[in-house]
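Data block below; observations after.
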Amino acid sequence: MSNAPRSPDEGQASGPSPIPTIGPFLGLARIAYFSMEIALRAEMHTYSGGLGVLAGDTARASADLELPMVFVTLLSRQGYLHQRFDAAGEQIESPDPWLPERYAVPLRAKVAVIIECREVWVRPWLYKLESALGNPVAVLLLDTDLPENAPEDRGITDALYGGDDVYRLKQEIVLGIAGLRVLQALGFQIGTYHMNEGHAALLALDLLRRYPRPADTWTAGELRYDVARVRSACIFTTHTPVEAGHDRFAYAMFERVLHGYIDIDQVRLLAGAHDLNMTLLALNLSGYVNGVAIRHAQTATAMFPGYDIRAVTNGVHVPHWTHPRLAALYHRHSHDWGYDPEVLVRFDQLLPDAAVWDAHRQAKSELIEMVAARAQVQLDPEQPVLGFARRMTAYKRPDLLFADLARLRDIHARQPYQIVLAGKAHPRDQPGKDLIRRIHELIRELAPRIRIVFLANFDLDIARRLVAGADVWLNTPLPPLEASGTSGMKAALNGVLNLSVLDGWWVEACIEGVTGWAIEDHQRDASVALYDKLEHTVLPLYYHDRARWIWMMKQSISKIGSYFNSHRMMRRYAAEAYIQRRPAVRVVSHAPPIVSS
Ligand SMILES: *Cc1c(COP(=O)(O)O)cnc(C)c1O
């Protein structure tokens with residue numbers, strides 16, 4: 001590929017696929033959505049898990065709804081991590097490079113940020129995401145791998161969530177500060193900045209720097225910038241109550257990396273006295289803040305008292321996650337279901353049982369094929385498949401299902417089931433990696449009687465097969481740590497029934513015995529509650545009352561699909577955060593305080 005930068009406004013002269021131009025997007029976008037990761041397609045390794053998939057579904061929905069948005073993320077040339085297992089079930093990690101030039105186009109614009117007193121140049125690549133109706137949305141992927149950069153800076157945008165704290169801070173400088181400047185360099189007129197998680201909070205700090213207050217309006221120890229102005233432009237979505245999910249940087253390091261950028265005492269007023277907490281920074285600089293489910297907004301409010309944290313419950317992009325056979329069935333009953341998933345609400349009354357079951361059998365046989373090809377295990381189409389796939393980390397408790405092997409064998413002897421697992425652990429999450437190895441040991445102990453497979457290298461493609469082809473979707477987080485969870489929504493709109501601990505989104509979606517089942521996690525050991533529900537409710541229904549099972553599949557499709565979708569989510573962001581900022585239903589009696597912790 002030629003290294004010569006192309007003009008942002010130039011189309012390709014010839015060839016089958018014209019290069020998208022930035023021109024048409026310029027006049028439209030008023031809202032910029034910043035995310036460290038965005039899952040656009042499986043071949044583009046610009047995501048690690050749920051946060052990125054949510055950002056991808058956000059972009060897909062905003063294209064469908066023709067919202068005036070532009071998306072900003074890192075190019076992540078080396079991806080997140082490629083996962084294999086050794087004979088002992090240990091996670092083996094390697095870089096996961098991809099080919100940006102296959103999917104995106106480098107733009108001519110280029111901006112600089114000063115990092116460690118060096119100029120670091122950042123160039124955006126344009127990925128054009130198109131909705132089913134042909135409406136495009138621009139995703140800008142930021143890249144520091146330019147010949148004009150020092151060798152050590154060329155890799156800043158390489159490894160998603162890689163490296164140490166210094167590397168992470170540099171990535172967040174590129175995302176937040178360079179991202180903001182790239183939008184300006186390209187001529188975007190942005191009025192609203194949406195920070196998807198705290199990683200992008202430096203964009204708000206860069207905005208703040210532009211609005212100093214006149215010297216006679218502040219005294220020593222006070223903020224010398226116009227916070228209200230920044231808040232009126234910024235929206236912040238927080239995504240996790242887990243402490244490790246909130247970036248904290250030592251001020252000494254921040255000062256070394258961003259030497260002379262801003263007076264650190266000013267940052268302390270906004271981001272905490274002891275270290276720079278990116279969540280606090282975002283909270284203090286945003287005029288609208290939300291958690292990603294009702295339960296999570298309550299948890300986040302308890303974690304950050306004094307802030308008005310709303311709830312916009314996550315949703316998934318229905319056309320993206322629906323299996324083609326079910327999609328064809330849905331299409332027979334409504335031509336609008338993809339654009340307007342609310343219409344699914346009547347589908348419990350409309351869908352013929354046999355057609356739903358046929359479509360599910362097809363999705364299941366594709367999953368069985370994939371498992372045979374990837375793991376050389378032959379699943380039985382007559383036995384229910386329990387699916388569990390997500391980031392492997394302690395609070396998600398992927399080992400809860402394996403707490404009592406004798407009980408598992410006992411249940412299996414009378415009502416056989418099979419299990420498919422998948423998920424990566426972050427390279428620095430040793431407990432997560434230990435869980436992966438431990439689960440492999442348990443799988444070996446239960447084999448060959450119980451068929452259990454752990455698929456390597458979980459990604460968008462595996463996720464699509466799994467959430468459509470399983471029979472039961474299992475989730476066992478430790479409450480209240482699952483902020484929302486989204487994989488269960490994907491399963492539900494394929495008629496895959498959720499069996500889940502009541503946390504995150506499931507608190508809002510579970511109607512016992514109708515949309516799925518709850519694992520009651522109080523009083524007793526959660527694993528006992530899980531086994532009891534499996535043995536006495538879920539498996540008997542699967543084996544002895546198929547009509548009621550299919551009835552539940554249709555309840556799940558209609559009740560969950562019609563609400564827990566990204567179209568509803570984006571309409572809410574548009575109405576409550578992007579346009580209005582202050583919904584009339586909740587009067588704010590005080591401005592969010594500036595706290596230092
Ligand atoms: C949906 C999805 C997730 C999120 O799963 P949760 O159960 O919400 O944690 C993670 N990774 C991939 C690839 C997904 O598609």
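The values are calculated or read from the model by the stated rules, or taken from the named source; none is laboratory data. Predicted model, so just to flag it, every value in this text is computed and none were measured. Neighbour counts are summed over all protein chains in view; Cβ atoms, including those assigned to glycine, are modelled from backbone coordinates with ideal geometry.
General observations
- Flag if residue 426 is in contact with a strand residue (DSSP E or B) (Cβ under 9 Å, 6 or more places away or on another chain), over 25 Å from residue 468 (Cβ atoms) and of a type outside the set (Phe, Trp, Tyr): no
- Of all residue pairs spaced 6 or more apart or on separate chains, those with beta-carbon atoms under 9 Å, a first member in region 258-278 that is under 16 Å from residue 210 (Cβ atoms) and a second member that is of a type in the set (Ser, Thr, Tyr) and assigned to a helix (DSSP H, G or I) are 267/251.
- Taken residue by residue, region 454-462 has at least one member that is more than 14 Å from the ligand (Cβ to nearest atom) and either free of Cβ contacts under 8 Å to residues at least 60 places away in the same chain or not acidic (Asp, Glu) (or both).
- Scanning region 300-337 for residues that are within 16 Å of the ligand (Cβ to nearest atom) and among the hydroxyl-bearing types (Ser, Thr, Tyr) yields 313, 322.
- Annotation note: of 107, 81, 75, 99, the sole residue that is within 20 Å of residue 26 (Cα to Cα) and aliphatic (A, V, I, L, M) is 107.
- The helices (runs of 4 or more DSSP H) found wholly in region 270-371 and carrying at least 2 residues that are within 30 Å of residue 546 (Cβ to Cβ) occupy 318-321, 324-333, 347-350.
- Test for residue 246: is it in the same structural domain as residue 218 (by TED's automatic domain parsing), modelled with pLDDT under 95 and crowded, with 17+ Cβ neighbours inside 10 Å: yes
- Any hit, region 165-180, residues being part of a loop (DSSP other than H, G, I, E, B) and touching a residue at least 24 places away in the same chain (Cβ under 8 Å): no
- Flag if residue 399 is within 16 Å of the ligand (Cβ to nearest atom), modelled with pLDDT of 95 or more and not assigned by TED's automatic domain parsing to the domain that holds residue 89: yes
- Scanning region 323-382 for residues that are within 29 Å of the chain's Cα centre (by Cα) and among the β-branched types (Val, Ile, Thr) returns 343, 345, 356, 368, 371.
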